[in-house]
Amino acid sequence: MGALRELAARRPDWQLLMVGSGPIDPAAWALANVSVLGRKSRAELAQLYREVDALLLPSVGEGFPLVIQEAMASGLEVFCGLDSAAADPEATGILHGIPVDPRDPAGTAARFARAIETTVPRIDSAAAAHARQAYDWDRNAERLEHMLAGRGAESA
């Protein structure tokens, strides 16, 4: 969260919408360009994905969170930590993986700002297509059932 605070302070012309809840209170930052929206329903999240320009997730150690998959399915630009960007090797060309150093929020914010400033905004149909193909619950459940059925035949 330190990097997001630094980014918001560095770029007061950008509006940051913070969704969810946790131990850090971004409202305490007292930055006019930060709006704390709290927890949202699925329908409200879907509407937000349609309204925003990008998803920023400067975190480490989260793997590949659902929020990235949802943002990709919505065609959003995703700016995230390197470990999240590398979690799905087929998506590394779609995601903007940025080095995150929790001990250096200012440096992390600067790297995110540079990446955002140098990216041409687009509705990413490749990201949406990849998300539909790779992260669809029903399709993945069918794949697992098929794999498990094959293993059952091998062990018989």
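For residues that are closer than 8 Å to V19 by Cβ and of a type outside the set (G, A, S), scanning just region 33-50, find the one that is least open to solvent (accessible area, probe 1.4 Å).
Across region 33-50, the extreme among qualifying residues is L48.
Please count how many residues of region 32-60 are touching a residue at least 12 places away in the same chain (Cβ under 8 Å) and part of a helix (DSSP H, G or I).
Result for region 32-60: 5.
From the set of residues in region 1-31 that are open to solvent by less than 40 Å² (accessible area, probe 1.4 Å), outside any loop (DSSP other than H, G, I, E, B) and in contact with a strand residue (DSSP E or B) (Cβ under 8 Å, 6 or more places away or on another chain), which is farthest from P58 (Cα to Cα)?
P26
For region 61-86, which residues satisfy the criterion of being open to solvent by 10 Å² or more (accessible area, probe 1.4 Å) and either assigned to a strand (DSSP E or B) or polar (S, T, N, Q) (or both)?
Listed by number, the residues that qualify are Q69, S74.
Might you let me know whether region 83-91 holds any residue that is touching a helix residue (DSSP H, G or I) at 6+ places or on another chain (Cβ under 7 Å) and closer than 24 Å to R11 by Cβ?
Yes; the residues of region 83-91 include at least one that is touching a helix residue (DSSP H, G or I) at 6+ places or on another chain (Cβ under 7 Å) and closer than 24 Å to R11 by Cβ.
Which of the residues spanning region 87-105 are open to solvent by 40 Å² or more (accessible area, probe 1.4 Å) and of a type in the set (G, A, S)?
Of everything in region 87-105, those that are open to solvent by 40 Å² or more (accessible area, probe 1.4 Å) and of a type in the set (G, A, S) turn out to be A87, G93.
Looking only at region 90-105, decide whether some residue is modelled with pLDDT of 95 or more and in a helix (DSSP H, G or I).
Yes.
The values are calculated or read from the model by the stated rules, or taken from the named source; none is laboratory data. Since this is a predicted model, take the numbers as computed values, not measurements. Using ideal geometry, Cβ is built from the backbone for each residue, glycine included, and neighbour counts are taken over all protein chains shown. Only protein heavy atoms, including side chains, enter the accessible area calculation; ligands, DNA and RNA are left aside. Shrake-Rupley method; radii C 1.70, N 1.55, O 1.52, S 1.80 Å.
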